[in-house]
Amino acid sequence: MKSVRDPGNQGKTPRLTVGARKRVAMLSWAFYGICASVLALAIVERQVPLTPSQIIFVDTLWWSVCAFIATTLLIDRFIHVPAAEGGIWVVFSSAASFTSLLVVFGATHSFYSRAALAGAFVLVTLWLFIGIRTHLRSLVLRFGVPEPAVLQLLSSAREALRDARLTHVQAELVDTHDVSELMAFDGVVIDRYSEKSEELRRIITMLKLGGVRIYSADHIHEILTGRLALSHTEDSFLDDSSGRVIYVVVKRMLDVVGAGILLAVLCIPMLVIALALRVENGRAWFVQERVGRGGRLFRMIKFRTMRPAASDLPDAIAPSSTASSTASSQRHDELRVTRLGRSLRRYRLDELPQLFNVLAGTMSLIGPRPEWVATATDFFERIPHYPYRHLVRPGITGWAQVNQGHVTDLPDAMIKLELDLFYVKHMSFALDLVIGIRTLRTITTGHGAR
């Protein structure tokens, strides 16, 4: 009997796409490693008499299997995250999972084996790295685009970013109306706001019946560029966000733990920097009112990197520096930057005191950078979508900071807003980890967007 799903496909069920097959192969590789670990541990516990210390060693390995699973799930989330940079995020995914396990051990005062934990971390990282290199290397997603206007939009967006700092997800866009051909793609892209012809509606129906994923042009634009198009911003934030409650709670816990650990480790270097700044220009700290979550004002602290001017302009965009005068204001700021301040800015060490803001709950480790009050007021009046960036806590580092340099005019400010709104809409542990990795690269090498 001929299938009604696809008259042009001779009743055959469509096979997995290339992208789906690679993802399944990667997950299968991880599953084999997890099964082998569980089987080996079960055999050891049943067949080998264990001393108390060996029992702790084996128990630690059992818990490491949980970290193995968490790392696999985290890596799977990275596949469609813009700017996931090669094998390094495998290491950081594994490190995040095992660090969380270490925190659990410490919080519950449980006995564990450091050797077992370290060995499991190395083996899990190596296993998953081999899987990524084998199955997901040079992954290119293929999207069918039956609407010429959508193809032109996405192609133009990708071309505009060719020389940009943001490395985007690799994708092939194919213009075709052939249903049997569209069945083999990773997805089909349409403009959900445009009028559809009867032929296109029929094609979309057949694709849905055939199990093909249908994406809106806005969504693929976000995947390819890492920015949220402002044309339909309201639609992006109409959905209920209650499903993020766990993410928000856990992120706040990680903020407190992370800020506490960093302050404990960096307290001596921060004291040295403060003393050096005091000697250089007489002041070590800079405190300024910024706009936080919900539009509420808070006082943000950072290291002072500029010499105080006669007007005592802040280390940010001056009150008169809206879209027309920001460039001249920043040239003025550059003249005021001290020699030590320039080095602190290059490696973003001037932001370290904001760890106290994180502990106070006015900031997060990762989120849109807090804006100066006058700038936020100006953009609030000029850009209707601007307040959406205040749905979350501002961060010490963020998606816009790792993908864009200084904002010098209104077009740059619009790009920054698109990047910030992309984060607000898609915030997740995977995206936070990408931002953290790229920020760490900037801190250690001085290379990256600022």
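The values are calculated or read from the model by the stated rules, or taken from the named source; none is laboratory data. Just so we're clear, the structure is a prediction, and the values are computed from it rather than from any experiment. Every residue, glycine as well, gets a Cβ built from its backbone with ideal geometry; the counts of neighbours run over all protein chains shown. Just the protein is used for accessible areas: all its heavy atoms, side chains included, with ligands, DNA and RNA removed. Shrake-Rupley method; radii C 1.70, N 1.55, O 1.52, S 1.80 Å.
Observations on the structure shown:
- Any hit, segment 127-134, residues being closer than 23 Å to residue 402 by Cβ, open to solvent by 60 Å² or more (accessible area, probe 1.4 Å) and of a type in the set (Lys, Arg): no
- Single unsatisfied condition, residue 281 versus (1) out of contact with any Ser or Thr (no Cβ under 9 Å at 6 or more places or on another chain); (2) closer than 27 Å to residue 372 by Cβ; (3) modelled with pLDDT under 90: (1)
- Among the residues here, residue 342 does not qualify as touching a strand residue (DSSP E or B) at 6+ places or on another chain (Cβ under 7 Å) and modelled with pLDDT of 85 or more.
- Test for residue 406: is it in contact with a Leu (Cβ under 6 Å, 6 or more places away or on another chain), open to solvent by 20 Å² or more (accessible area, probe 1.4 Å), at pLDDT below 90 and over 23 Å from residue 299 (Cβ atoms): no
- Scan of segment 26-68 for residues that are of a type in the set (A, V, I, L, M), surrounded by fewer than 15 Cβ atoms within 10 Å (Cβ to Cβ) and part of a helix (DSSP H, G or I), ordered by number: 36, 38, 39, 40, 42, 43, 44, 55
- Within segment 316-339, restricting attention to residues that are at pLDDT below 60 and β-branched (Val, Ile, Thr), the residue that is nearest to residue 381 (Cα to Cα) is 322.
- Residue 111, sole failed condition from (1) surrounded by 19 or more Cβ atoms within 10 Å (Cβ to Cβ); (2) outside any helix (DSSP H, G or I); (3) at pLDDT 90 or above: (1)
This table checks each residue for (1) among the small types (Gly, Ala, Ser); (2) in contact with a strand residue (DSSP E or B) (Cβ under 8 Å, 6 or more places away or on another chain); (3) within 28 Å of residue 142 (Cα to Cα).
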| residue | (1), (2), (3) |
| --- | --- |
| 192 | no, yes, yes |
| 197 | yes, no, yes |
| 200 | no, yes, yes |
| 214 | no, yes, yes |
| 218 | no, no, yes |
| 229 | yes, no, yes |
| 257 | no, no, no |
| 265 | no, no, no |
| 277 | no, yes, no |
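- Qualifying residues in segment 96-108 (those that are more than 17 Å from residue 57 (Cβ to Cβ) and touching a Ser or Thr at 6+ places or on another chain (Cβ under 9 Å)) - the one least open to solvent (accessible area, probe 1.4 Å): 97
- Test: residue 412 is assigned to a helix (DSSP H, G or I) and open to solvent by 20 Å² or more (accessible area, probe 1.4 Å): yes
- Taking the numbered list (1) crowded, with 18+ Cβ neighbours inside 10 Å; (2) touching a helix residue (DSSP H, G or I) at 6+ places or on another chain (Cβ under 7 Å) in turn, residue 378 passes all entries but (2).
- Answer residue from segment 181-217, given it is of a type in the set (Asp, Glu) and out of contact with any helix residue (DSSP H, G or I) (no Cβ under 6 Å at 6 or more places or on another chain) and is surrounded by the most Cβ atoms within 10 Å (Cβ to Cβ) among those: 181
- In segment 369-401, the residues that are closer than 20 Å to residue 262 by Cβ and part of a loop (DSSP other than H, G, I, E, B): 369, 370, 393, 394, 398
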